[in-house]
Amino acid sequence: MEIPRHWRLKQQRYSLVGEVCPHCDNKIFPPRDVCPNCGGEAKELYTFSGKGEVYSFTTIYEAPSGFDANAPYTVALVKLEEGPMVTAQLTDLDNAPVEIGMPVEMVTRKMRNDGDERGIIVYGYKFRLRK
Amino acid sequence: MTEVVIAGIGQTEVGEHWDIGLRDLAYAAIHDAIEDSGGLKPQSLFVGNMLAPNLSNQAHLGVLIADFAGLLGIEAVTVEAAGASGGAALRQGYLAVKSGLVDVALVVGVEKFTDKVGAGVDAALATTSDSDFEAVQGLTLAGQAALLMKRYMHEYQVPADGFAGFALTAHANGANNPCAMFRKAIKLETYTKAEMVSDPLNMFDIAPNADGAAAVVLTRRDVLPKDFAHPLVKIAGSAAASDTLALHDRKDMLYFDTAQLSAGKAMKQAGIILDQVNFFEYHDMFSIYAALQLEAVGFAIKGKGWKLAADGEIRLKGRIPCATMGGLKARGFAGGATGVYQAVEAAAQLRGQAGANQIAGAKYGLIQSMGGPASTVVSHVLQGLN
Ligand SMILES: [Zn+2]
């Protein structure tokens with residue numbers, strides 16, 4: 001199920017590869033080919049540092065199918081140092097309290113099982129607290 | 001200028017209709033709307049639906065419903081814009097009649113949530129967010145709203161029960177709506193003790209997913225006889241706007257730009273200012289959405305939308321009555337039918353047929369149909385003509 005789709009996104013999922021706008025230097029993630037800042041064409045790849053801070057977060061108790069085995073889990077909006085915001089799970093929390101403004105860094109983790117049958121496992125970015 | 005009027009309205013009860021299928025539900029609302037219009041013959045059918053291909057494994061609803069309703073031969077298409085599908089379908093019907101190319105347009109919104117149950121419904125709903133960058137992280141729509149609410153409460157120091165006013169108002173109003181899913185007022189205690197779904201969002205911050213269908217028949221005013229059976233309601237303004245699909249791509253996620261843009265345009269077309277709006281039907285799929293719509297449209301300043309509800313200003317006798325028939329929270333969230341329910345309820349208000357919930361002397365109603373966290377907003381101003 002959906003193997004080409006996850007394969008196509010592997011650079012984003014594994015290494016936070018986005019884009020930088022050659023016209024206004026705006027950093028873009030996820031990649032999109034029109035810069036949301038200046039409207040110019042942006043196709044130059046840019047790898048993000050993976051460092052950022054928690055802008056908001058929530059705990060999901062009622063998970064959608066594919067994620068139920070991991071519930072409850074914490075999802076955050078992470079503001080990356082370079083500017084863009086990403087939606088990602090927080091991981092390795094060990095019951096540590098999460099707060100808005102906490103520094104976090106990107107790690108690669110298992111995200112979901114895509115279906116049960118021949119279920120591929122999707123890996124991608126999550127964030128953990130940065131000491 | 002062509003005046004587009006709502007000549008007929010129809011709606012089913014919102015609820016868990018295990019024994020009624022998608023097509024039957026749609027037809028029930030269509031039947032009532034056409035009868036209410038005095039038997040007008042539609043030339044076009046616009047179906048508002050959010051998730052039938054996913055929930056019911058059924059696409060091509062335009063034809064499915066035209067066929068089932070005995071309307072074959074006419075133009076029939078589906079309009080999809082997530083939670084705003086109903087409002088978007090209404091706008092297509094409006095544009096068709098306004099253009100002069102169609103004399104009578106039928107708009108039906110329909111959703112059949114109970115064809116699927118449990119985690120499958122959450123997964124289906126999540127397809128309306130950014131699949132590659134939001135849903136893949138296990139984010140649900142409730143989770144997305146919770147992220148907004150958490151940040152909002154943080155920035156504006158909102159107390160834990162700050163949003164209770166939305167659920168209290170909705171349930172009080174739903175009590176008098178025979179088509180509402182929940183017809184019982186609730187106490188503050190019910191809200192404060194409710195189970196947490198996605199912190200800080202609790203059960204009572206979330207509208208229930210349910211089955212339902214609503215329909216309106218639109219036509220030009222000059223097509224109708226002078227002695228038409230009931231007061232007419234005009235669509236005085238109609239506008240839609242789009243914002244980023246993903247919440248994380250917003251410049252300022254705590255301001256619903258599209259709610260402001262589309263409402264502003266619709267009011268300008270209607271030739272009215274905000275003070276002339278007698279009631280507001282917002283898209284309270286989550287209470288935080290209602291607060292942000294109140295702020296974007298201009299009923300409250302930024303950060304104070306929740307206060308309007310807390311102070312009782314959105315009740316039937318308040319400064320700006322909202323969710324007058326229960327809103328999404330108490331009437332129920334029937335997906336793509338929602339925007340059409342809003343039109344039916346607003347039309348009833350403007351005809352003076354809203355029963356115990358009648359807003360005395362209501363002349364203008366603003367309705368907003370919303371997909372995602374204001375990724376799509378469709379606004380209509382309805383005007384009572386009699
Ligand atoms: Zn740029």
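Structure notes:
- Within straight-line cross-link reach of B:Lys116, aspartates and glutamates at Cα separation under 13 Å, skipping those fewer than 8 residues along the same chain: B:Glu16, B:Asp211
- Reference-scaled alpha-carbon Rg (2.2 N^0.38 Å with N residues) for region B:110-220: 1.25
- Annotation for region B:124-203: trypsin sites (Lys or Arg not before Pro) lying in DSSP loop with at most 13 further Cβ atoms inside 10 Å of their Cβ are B:Lys184, B:Lys187, B:Lys193.
- Farthest toward the positive end of the dipole of the protein assembly as shown, out of B:Tyr341, B:Ala105, B:Ala296, is the Cα of B:Ala296, where the dipole comes from beta carbon charges about the Cα centre.
- Diffusion coefficient, µm² s⁻¹, Stokes-Einstein with Kirkwood Rh over alpha-carbon pairs of region B:272-316 at 10 °C and 1.306 mPa s: 148
- Taking the helices alone, the protein assembly as shown has a mean residue ellipticity at 222 nm of -8000 deg cm²/dmol, built from -39,500 (n - 2.57) per DSSP H run of at least 4 residues and averaged over all its residues.
- Note on the protein assembly as shown: dipole from Cβ charges, positive end direction compared against B:Ile320, B:Leu218, B:Cys179; the farthest Cα belongs to B:Ile320.
- Assigned charges on the beta-carbon of Lys, Arg, Asp, Glu; chain A dipole about Cα centre (debye): 280
- Cα gyration tensor category, rounded, prolate or oblate, for the protein assembly as shown with a/c compared to 1.5: prolate
- Entry note, chain A: relative contact order of 22 percent, from Cα contacts under 8 Å with a spacing of 6+ residues.
- Here's the list of aspartates and glutamates a cross-link from B:Lys363 could span, going by alpha-carbon distance under 13 Å and ignoring same-chain residues fewer than 8 apart: B:Asp275.
- Cross-link reach list, aspartates and glutamates versus B:Lys302, counting only Cα pairs under 17 Å and skipping chain neighbours closer than eight places: B:Glu155, B:Asp252, B:Asp257, B:Asp311, B:Glu313
- In region B:76-151, the C-alpha radius of gyration followed by the widest Cα-Cα span (Dmax) gives 16.5, 48 angstrom.
- Normalised alpha carbon radius of gyration of region A:3-129 [divisor 2.2 N^0.38 Å]: 1.13
- Note on chain B: with a GNM built from Cα contacts shorter than 10 Å, the maximum mean-square fluctuation among B:Pro225, B:Pro178, B:Pro42 falls on B:Pro225.
- Separation between Cα centres of region B:264-294 and region B:330-382, rounded to whole Å: 10
- Column: log10 I(q)/I(0), Debye, Cα scatterers of region B:202-334, q = 0.10, 0.11, 0.18, 0.19 Å⁻¹: -0.40, -0.49, -1.19, -1.28
- Separation of the alpha carbons by more than 27 angstrom is noted, of B:Lys226/B:Lys265; B:Lys193/B:Lys304; A:Lys27/B:Lys304; B:Lys98/B:Lys268; A:Lys10/A:Lys43, for B:Lys226/B:Lys265; A:Lys27/B:Lys304.
- Percent breakdown of C-alpha pair distances by 5 Å bin, ordered from the shortest bin, for region B:48-176: 2, 9, 13, 14, 15, 15, 13, 10, 6, 2, 1, 0
- From the alpha carbon centroid of region B:242-261 to that of region A:28-86 is 16 Å.
- Remark: mean inter-chain Cβ contacts per residue of A:47-58 equal 4, using a 10 Å Cβ-Cβ cutoff to other protein chain atoms.
- Computed on the Cα trace of chain B, the radius of gyration divided by the Kirkwood hydrodynamic radius gives Rg/Rh = 0.94.
- Choice from A:Tyr46, A:Tyr61, A:Tyr14 with maximal GNM fluctuation in chain A (Cα, 10 Å cutoff): A:Tyr61
- Given +1 at the Cβ of Lys and Arg, -1 at the Cβ of Asp and Glu and no other charges, the dipole of the protein assembly as shown around its Cα centre is 800 debye to the nearest 20.
- Along principal axes, Cα extents of region A:58-131, largest first, whole Å: 40, 24, 18
- In terms of distances greater than 27 angstrom between alpha carbons, the cross-link table entries B:Lys112/B:Lys234; A:Lys79/B:Lys112; A:Lys110/A:Lys131 yield B:Lys112/B:Lys234; A:Lys79/B:Lys112.
- Residue of B:Pro53, B:Pro321, B:Pro373 that the Gaussian network model of chain B assigns the largest fluctuation, springs spanning Cα pairs under 10 Å: B:Pro53
A short reminder: the numbers here are calculations on the coordinates, not readings from a lab. Computed from a prediction, not measured in an experiment: that's the story for all the values here. When we count neighbours, we look across all protein chains shown, and the Cβ atoms used for this are built from the backbone with ideal geometry, even at glycine.
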